[in-house]
Amino acid sequence: MAVSTSFSCAKLEALLLKCTSSNATTTISTTHFSLARNRKTLFQTHRGAIRCEVSASDVSVDPTKKPSTLSALEQLKTSAADRYTKEKSSIMVIGLSVHTTPVEMREKLAIPEAEWPRAIAELCSLNHIEEAAVLSTCNRMEIYVVALSKHRGVKEVTEWMSKTSGIPVADLSQHQFLLYNKDATQHIFEVSAGLDSLVLGEGQILAQVKQVVKVGQGVNGFGRNISGLFKHAITVGKRVRTETNIAAGAVSVSSAAVELALMKLPEASHANARMLIIGAGKMGKLVIKHLVAKGCTKMVVVNRSEERVAAIREELKDVEIIYKPLSEMLTCIGEADVAFTSTASETPLFLKDDVKDLPPATDEVGGRRFFIDISVPRNVGSCVSDLESVRVFNVDDLKEVVAANKEDRLRKAMEAQAIISEESKQFEAWRDSLETVPTIKKLRAYAERIRMAELEKCLGKMGDDIPKKTQRAVDDLSRGIVNKMLHGPMQHLRCDGSDSRTLNETLENMHALNRMFNLETEVSVLEQKIRAKVEQKP
């Protein structure tokens, strides 16, 4: 792992002092230290603190070397700083999903769509995070970032997630997954294609990925890399569904919820069970449509306003849809056998005390009321499950339905992986092509410094009484010469990444120019960015 100059000095000073105290025969001022090339100083998180570990093989003493004009401490600092400045920024995803994390934890981490811009701003204010995006759904909470330092980025984002959710870092670490660069790219492509969904091939996740891009437009921190990643993910999601037909016959979370309810209800009660839907948003509307597809002709819908319910009623004219306001919600629950909840409420709508005194469900359904809660955070408190008269199911319980529908789409998923692999290579090639941007900027800055220095000499020799028109003409002349000289090299540094051969040639040109003009000795772009972030801190 690379080491930042601002962090390393005190740590390395202490390290060397420790070395000298343990070995009195070694004098720092006359000893040559070299870091073994195949080993790195390790910085690990341990109970919230950073621990620095250096093995004995990491620092070697060469008695044949003559004393350096630099102290050993300065050499070690320079070596650490050099490694840090050469570290490349990484795309990372730090997430928790239905596959790794229970709903009790996911609901604490959930971020409403309206809060995504704020979350992006907070993430990008962290020292080592440059770009960010949030994908928060009922099945996953994933943070995508471009990190200036991989390991520090993980630490900062994890601590941010802990702070915003109130979940200890140790608990998060047990459930979260970390993916970097190519693996992170493949993951978001699989997510967009529906391969990572609880319901394989479901289409709602693609709409949610699109929403990330829509919300991110114009938000500082939703930068070129992350924006390009999500836009490419949308393309992959569309292509997979078109070329593999993976969505054919696929169930969604809403349809799985309906299937689950019908699996748990006595078969004889399907036609007459009293259905209640709380929330008429996208999920609620899909529940209604799937109920209708299963033969339900009458249901009650509770929603904040009647407008959405009226639109659904207009679309499904052959179905009796009765609207009720939120103020009558408890009364409606008492008159229902099955209640589907899908609202954006951040606190439970139903607790044990709200439900315990309600009249029982009909004998036709066994006298027990069913709550099918597909919201995250949950609309039905876990305490409600303690009641004998109630059965509560949440999104994690849908796995039973999903397992029965999954086999038919596994073959199509394998076909989708081939597409994702191809698209991942294209995205990585595009991102690699961006590597030349810092060289282009440094080359232009190098040429501009020479131009300005020579222009100043020229104007000085011409005297103080030069007409402004002449000064402008000389200035324009120098600019024109520099631009024409740079045109060829700049053209050979530009590449869209679509052709691997052209990309390799472009990167070779970049390295050649860096060597010819000694551009690599300039302060790295990463270090500049980190310094700017630190200086912005109050």
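The values are calculated or read from the model by the stated rules, or taken from the named source; none is laboratory data. Nothing here was measured: the structure is a model prediction, and the numbers come from that model. Here the Cβ positions follow ideal geometry from the backbone for every residue, glycine too, while neighbour counts run over all protein chains shown. Please note that ligands, DNA and RNA were not included when accessible areas were found on the heavy atoms of the full protein model with its side chains. Shrake-Rupley method; radii C 1.70, N 1.55, O 1.52, S 1.80 Å.
Applying the condition of being under 35 Å from the mean Cα position of the chain (by Cα) and among the hydroxyl-bearing types (S, T, Y) to the stretch 244-296 and asking which residue is nearest to L349 (Cα to Cα) yields S254.
The C-beta contact set for the stretch 358-375 (first residue within 19 Å of L398 (Cβ to Cβ) and of a type in the set (S, T, N, Q), second residue in a strand (DSSP E or B) and open to solvent by 10 Å² or more (accessible area, probe 1.4 Å), distance under 9 angstrom, 6+ apart or interchain) comprises S375/N394. When residues in the stretch 182-202 are screened for being in a helix (DSSP H, G or I) and either β-branched (V, I, T) or free of Cβ contacts under 8 Å to residues at least 12 places away in the same chain (or both), 4 of them pass. When you check L178 against the structure, is it open to solvent by 30 Å² or more (accessible area, probe 1.4 Å), aliphatic (A, V, I, L, M) and under 12 Å from the mean Cα position of the chain (by Cα), yes or no? Against the criterion (open to solvent by 30 Å² or more (accessible area, probe 1.4 Å), aliphatic (A, V, I, L, M) and under 12 Å from the mean Cα position of the chain (by Cα)), L178 qualifies. Evaluate the stretch 236-251: report whether one residue or more is closer than 20 Å to V395 by Cβ, assigned to a helix (DSSP H, G or I) and small (G, A, S). There is no residue in the stretch 236-251 that is closer than 20 Å to V395 by Cβ, assigned to a helix (DSSP H, G or I) and small (G, A, S).
Answer yes if at least one residue in the stretch 154-163 is under 24 Å from V253 (Cβ atoms) and open to solvent by less than 50 Å² (accessible area, probe 1.4 Å), and no otherwise. Looking through the stretch 154-163, at least one residue is under 24 Å from V253 (Cβ atoms) and open to solvent by less than 50 Å² (accessible area, probe 1.4 Å). Evaluated against (1) modelled with pLDDT of 95 or more; (2) touching a strand residue (DSSP E or B) at 6+ places or on another chain (Cβ under 9 Å), K210 falls short on exactly one condition, (2).
When only residues in the stretch 118-139 that are assigned to a helix (DSSP H, G or I) and in contact with a Gly (Cβ under 8 Å, 6 or more places away or on another chain) count, which is surrounded by the most Cβ atoms within 10 Å (Cβ to Cβ)?
It comes out as I120.
On the basis of being assigned to a loop (DSSP other than H, G, I, E, B), open to solvent by less than 20 Å² (accessible area, probe 1.4 Å) and of a type in the set (A, V, I, L, M), does A273 make the cut? Spelling it out, A273 is indeed assigned to a loop (DSSP other than H, G, I, E, B), open to solvent by less than 20 Å² (accessible area, probe 1.4 Å) and of a type in the set (A, V, I, L, M). Taking each residue of the stretch 203-226 that is closer than 13 Å to A132 by Cβ and looking for partners that are of a type in the set (S, T, Y) and open to solvent by 20 Å² or more (accessible area, probe 1.4 Å) with beta-carbon atoms closer than 9 Å, six or more apart or interchain, yields G221/S125; N225/S89. The number of residues in the stretch 140-153 that are open to solvent by 10 Å² or more (accessible area, probe 1.4 Å) and in contact with a strand residue (DSSP E or B) (Cβ under 6 Å, 6 or more places away or on another chain) comes to 1.
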